């Protein structure tokens, strides 16, 4: 009788799972959910890539590639203004990224380290600017750029994209700079560095994860934005990539093969940039989010 009680006690203990341990059904449900999420994320870009190698007549076919062709890519590169769009995008995105990172970093550092009248109002202003949807801002920005003679000019788009990227990135950089000990600044001043010298020589090398996130966000803002690029730039030779893609499919034409081929080419630089900065993204985002 005693042996039976001991065995039953051992059996009951064996059935009790440790804290945090998943049961068989929970594990199956988790893996099925992960597989479905992965398929949902991978299928659209994969199908885009497959369609880019199909003839235009087979664009809506559910079959895999029967007649493999590079004709769509050849048409996009050689028969359209794609290279002009690419040059315009590189110019706009390059200026937006460089200027945006510099302004965001210096603003975030100033708000993190110094106390001055209006600092709290400035932080609220940075947040409030993120609350307005694009559709509300197009008309006032259009009128402002028109009055300054910046419509259909890359500089106009750069200024517009900076108004999107800088407020968010400055807020995030402020949070990241808060994680860097103030004693480093004090040591720099003891060594005779001025505030900007302390920032440039001592703080910037320690803030690479935050700067990587800022640069990536500024890059994506200019690379993938469509509404402003379409409203403020006219003429095929002046369009950016985002605006140029719309010319392949509109109310008059539907060249899905060229559209998918151009979309694949456009995605490559973004994927390359993400590959370079991805190891810094998590650290930069979490530090900026938790401390701001």
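Only one entry of 146, 135 meets the criterion of being at pLDDT below 90 and either crowded, with 19+ Cβ neighbours inside 10 Å or in a helix (DSSP H, G or I) (or both), and that entry is 135. Going through region 58-85 one residue at a time, which ones are in a helix (DSSP H, G or I) and surrounded by 10 or more Cβ atoms within 10 Å (Cβ to Cβ)? Passing the criteria: 58, 71, 72, 73, 74, 75, 76, 77, 82, 83, 84, 85.
Residue by residue, here is whether (1) within 18 Å of residue 111 (Cα to Cα); (2) under 21 Å from the mean Cα position of the chain (by Cα); (3) surrounded by fewer than 18 Cβ atoms within 10 Å (Cβ to Cβ) holds:
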{"position": "153", "(1), (2), (3)": "no, no, yes"}
{"position": "169", "(1), (2), (3)": "yes, yes, no"}
{"position": "176", "(1), (2), (3)": "yes, yes, no"}
{"position": "182", "(1), (2), (3)": "yes, no, yes"}
{"position": "186", "(1), (2), (3)": "yes, no, yes"}
{"position": "192", "(1), (2), (3)": "no, no, yes"}
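Residue by residue, here is whether (1) within 29 Å of residue 80 (Cβ to Cβ); (2) in a helix (DSSP H, G or I); (3) under 13 Å from the mean Cα position of the chain (by Cα); (4) modelled with pLDDT of 85 or more holds:
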position: 199; (1), (2), (3), (4): no, yes, no, yes
position: 206; (1), (2), (3), (4): no, yes, no, yes
position: 229; (1), (2), (3), (4): yes, yes, no, yes
position: 259; (1), (2), (3), (4): yes, yes, no, yes
position: 264; (1), (2), (3), (4): yes, yes, no, yes
position: 269; (1), (2), (3), (4): yes, yes, yes, yes
position: 283; (1), (2), (3), (4): no, yes, no, no
position: 289; (1), (2), (3), (4): no, yes, no, no
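Would you mind stating whether residue 234 is touching a residue at least 40 places away in the same chain (Cβ under 8 Å) and not in a helix (DSSP H, G or I)? Yes: the conditions hold for residue 234. Of the residues screened, residue 247 is not one that is in a loop (DSSP other than H, G, I, E, B) and exposed (fewer than 14 other Cβ atoms within 10 Å of the Cβ).
Scanning region 95-113 for residues that are modelled with pLDDT under 90 and either exposed (fewer than 15 other Cβ atoms within 10 Å of the Cβ) or over 18 Å from residue 214 (Cα atoms) (or both) turns up at least one hit. Restrict the check to region 32-53 and report whether at least one residue is over 20 Å from the mean Cα position of the chain (by Cα), modelled with pLDDT of 85 or more, assigned to a helix (DSSP H, G or I) and exposed (fewer than 10 other Cβ atoms within 10 Å of the Cβ). No, the conditions are met nowhere in region 32-53. Taken over region 22-31, the criterion of being surrounded by 10 or more Cβ atoms within 10 Å (Cβ to Cβ) and either outside any helix (DSSP H, G or I) or modelled with pLDDT of 90 or more (or both) is satisfied by 22 alone.
The values are calculated or read from the model by the stated rules, or taken from the named source; none is laboratory data. None of these values were measured; they are calculated from a predicted model. In this analysis, Cβ positions are derived from the backbone assuming ideal geometry, glycine residues included, and neighbour counts consider all displayed protein chains.
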